[in-house]
Amino acid sequence: MAYGVDPNLSLALAEAEGSGKDSRFRFGRHGRYWLPFGLYVGCHVPRANTPGGNAEGGIKALAGHLRREGNLWAALRKYNTGDSPAQFERYFRRIKFLEEQNRLARVFE
């Protein structure tokens with residue numbers, strides 16, 4: 001909420017970025033975390049190498065893209081530039097699905 005991004009979308013982004021084939025994202029996992037290449041420049045997020053700091057850096061980056069691009073599809077395309085068009089479309093649909101699941105589950109209520 002500090003960056004003006006819906007918490008349901010923020011959690012969906014963290015889930016999509018932090019989940020693997022056989023594991024689901026959860027805060028508090030052990031290990032090292034790094035912001036994606038390029039996010040360190042101008043990010044100024046404390047503890048960026050922790051799960052919370054990494055998530056905050058991603059949300060802050062997405063918030064900037066949303067302000068500049070004006071819509072979620074374009075903002076996510078800027079955020080996740082390495083995917084092919086087909087991969088990106090799956091990524092976008094997954095984030096929208098997870099956002100709606102979080103909203104329906106009333107995760108933040």
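The values are calculated or read from the model by the stated rules, or taken from the named source; none is laboratory data. Quick caveat, the model's predicted, so the values are computed rather than measured. A quick note on method: Cβ atoms are made from the backbone with ideal geometry, for glycine too, and the neighbour counts reach across all protein chains shown. Heads up: the accessible areas ignore ligands, DNA and RNA and are worked out on the full protein's heavy atoms, side chains in. Shrake-Rupley method; radii C 1.70, N 1.55, O 1.52, S 1.80 Å.
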field: Mean Cβ count within 10 Å, highest first, over the residues of peptides 5-12, 71-78
entry: 5-12, 71-78
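Arrange the residues Y79, Y91, Y3 by how much accessible surface each exposes, largest first, with a 1.4 angstrom probe. Walk me through the numbers on the way to the answer.
On the way: Y79 45, Y91 25, Y3 70 Å².
The ordering from most to least exposed comes out as Y3, Y79, Y91.
Using R₀ = 41 Å, calculate the FRET efficiency as 1/(1 + (r/R₀)^6) where r is the Cβ-Cβ separation of Q101 and T81; round to 0.05. Walk me through the numbers on the way to the answer.
Working: r = 26 Å, r/R0 = 0.62.
So the FRET efficiency works out to roughly 0.95.
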